[in-house]
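The values are calculated or read from the model by the stated rules, or taken from the named source; none is laboratory data. Keep in mind it's a predicted model, so treat the numbers as computed, not measured. Note: ideal-geometry Cβ built from the backbone for every residue, glycine included; neighbour counts use all protein chains shown. SASA here: full protein model, heavy atoms, side chains in, ligands and nucleic acids out. Shrake-Rupley method; radii C 1.70, N 1.55, O 1.52, S 1.80 Å.
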Amino acid sequence: MARRTMSVLPQWSSRIFSVELDGAPFYFSTQEKHRGEEVPRVFRKIPNYGRCYSLLVCSSDRIRRAKFYGKLKDKLLRDLPPECHLSPMFSFLPNVKDSVLKGYFLNDNSVSSSPTERLLRDLIQRDPVLVCSYLRGEGGQLWTQHLWSHADSQTMEMSKDYYVVPSKAPEYHPSTLNIINSDVFYSFEEAYEVLKQCGDIIPESKSVLELLASRAEARSKPDFPVIVIEGLDATGKTTLTESLRDTLGACLLRSPPQCLSPMRARFDREPPLIRRAFYALGNYITADQIGQEGMKRPVIVDRFWHSTAAYAIATAVSGAVCNLPAEDSEVYHWPSDLLQPSLVVLLTLDPEERKRRLRNRAQGETKEEQELDHNKLFRLKVEKAYQRIRGPACVTVDASPSTDQVLQEVLLLIRGKCHL
Ligand SMILES: Nc1ncnc2c1ncn2[C@@H]1O[C@H](COP(=O)(O)OP(=O)(O)OP(=O)(O)O)[C@@H](O)[C@H]1O
Ligand SMILES: Nc1ccn([C@H]2C[C@H](O)[C@@H](COP(=O)(O)O)O2)c(=O)n1
């Protein structure tokens, strides 16, 4: 049991810890000897009576890890004393892919430590989580990190204390390190494997796998052009794709495809690993439909891989837009085994006009408005990610003119690029 925990702690003392306060990361690391460094800023903010803990989700089973991380916050908010404050936290090896452990930093300002510590002890006995407590030295000038051992642990190293010291920001924001094959999938096999592993816990996975089992053999490139229309909600995709279908005598498809509609709500409730694998597989089913229809007539597609990748990246990357992977990152590469459209059009809209269209569509309801304002940063990250995806890259079209003007502009692009 103790070995199991140690095996998921590669290079514990080389790890950096990052605590997100109001969206900004505060970094610290640990070392055996104190060399006079100052106390990391995140600890300087802790009131004298406050106690701190970190909880990091840690299991070699990625499905269990993802499911538990999804539930952990709700559990903590429900069961901890109200004087506890939670902040998102990462532990990672600087710039090393797939090294991130996710969790929470807990600042407990309640009178007694007992209820919180009882809950944390209970967690490490039952769940895939590592707990550290942070102990204040005399005068609050030093803090040490103490990794709690499991009840059955015999390993001395587990109970060694380390001094916490400030650390520089790494070159790559930690939330970008685990994107590949956890949030974005670059082959059919990688996404398929996730749903296969979920078969026992999510019955709907079996239905998706059955649909995939009847996939047609890979076809040659379609004879007719394949045009994908992308954009945020209410930018006019449905309006434009239907007009293009009618004008070009094309087939209109969407991703996720109709056959996945009954399962979609279930996967939308799952953590990103599972949810994103579902959408990734939806693109392969749509690609098969494109392959068939594209032999007979042009094909218009409402959302495809750009949406899958852009939303996944924007959700995975916390904080500011500048935390996104750099423009030349492999994260933005098109999957090598997925059909490439002839043209991808990205509809963009001024946020105020988008809000107006959402409001009209929702007949005066204002909930979406609040949601949009709240998610401004998220919106900016989705748009930036859309624009960085390559192979094919998207062509941006301003969707604010009239429906007919937008249609004419896109038809011009299609005729220029696809010789229709
Ligand atoms: N060019 C336009 N000018 C003004 N209104 C438009 C234009 N295009 C679409 N609309 C209106 O904006 C609203 C949203 O359009 P639409 O449903 O086509 O967007 P969408 O991108 O498909 O949204 P979603 O992704 O949420 O389904 C609709 O009420 C539609 O009539
Ligand atoms: N190919 C696709 C299509 C959609 N998604 C995800 C991304 C958003 O979370 C949501 C948007 O879809 P809509 O509400 O416009 O139907 O679905 C995706 O990941 N891949």
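Structure above, values below:
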{"item": "Sequence of Met295, Met89 when ordered by accessible area, the most exposed leading, probe 1.4 angstrom", "result": "Met295, Met89"}
{"item": "Listed residues Gly23, Gly294, Gly319, most fluctuating in the chain (Gaussian network, C-alpha, under 10 Å)", "result": "Gly23"}
{"item": "Reciprocal mean inverse distance between Cα atoms of the range 193-289 - Kirkwood radius, Å", "result": "15.1"}
{"item": "Average accessible surface area per residue within the range 188-418, 1.4 Å rolling probe, Å²", "result": "47"}
{"item": "Gyration tensor (alpha-carbon) shape descriptor, the range 96-146, a/c threshold 1.5", "result": "oblate"}
{"item": "Choice from Ala265, Ala287, Ala310 with maximal GNM fluctuation in the chain (Cα, 10 Å cutoff)", "result": "Ala265"}
{"item": "Where His34, His146 fall by accessible area, highest first, once all protein chains stay in place (1.4 Å)", "result": "His34, His146"}
{"item": "Carbon + sulfur, % of accessible area of the chain - ligands and nucleic acids excluded, 1.4 Å", "result": "48"}
{"item": "Calculated log₁₀ intensity ratio I(q)/I(0) where the Debye formula runs over C-alpha points of the range 1-175, q = 0.15 Å⁻¹", "result": "-0.85"}
{"item": "The range 84-206 - convex hull of the alpha-carbon atoms, volume per residue in Å³", "result": "177"}
{"item": "Choice from Gly70, Gly103, Gly231 with maximal GNM fluctuation in the chain (Cα, 10 Å cutoff)", "result": "Gly70"}
{"item": "Longest exposed-site-free window of the chain, the sites being GluC sites (Glu not before Pro) in a DSSP loop that have at most 16 other C-beta atoms within 10 Å", "result": "218-326"}
{"item": "Computed [θ] at 222 nm, deg cm²/dmol, the chain (DSSP H ≥ 4; -39,500 (n - 2.57); rounded to nearest 500)", "result": "-12000 deg cm²/dmol"}
{"item": "Cα-based Rg and Dmax for the range 188-418, where Dmax is the largest Cα-Cα distance (Å)", "result": "17.7, 50"}
{"item": "Rounded accessible area per residue of the range 1-175, 1.4 Å, Å²", "result": "51"}
{"item": "Over the range 299-420: Kirkwood hydrodynamic radius from C-alpha pairwise inverse distances, Å", "result": "16.0"}
{"item": "Straight-distance crosslink candidates among lysines, where the alpha carbon sits under 19 Å from Lys97 and sequence neighbours closer than 8 are dropped", "result": "Lys168"}
{"item": "Order of exposure, largest accessible area first, which applies to Thr238, Thr286 with probe 1.4 Å", "result": "Thr238, Thr286"}
{"item": "Cross-link pairs Lys33/Lys71; Lys71/Lys206; Lys75/Lys384 - those with Cα-Cα distance over 30 Å", "result": "Lys33/Lys71; Lys75/Lys384"}
{"item": "Antiparallel %, DSSP beta bridges [both residues in the chain], to 5", "result": "70"}
{"item": "Accessible area of Cys418 in the full protein assembly, 1.4 Å probe (Å², nearest 10)", "result": "20"}
{"item": "Cα pair distances exceeding 36 angstrom across the chain, given as percent", "result": "35"}
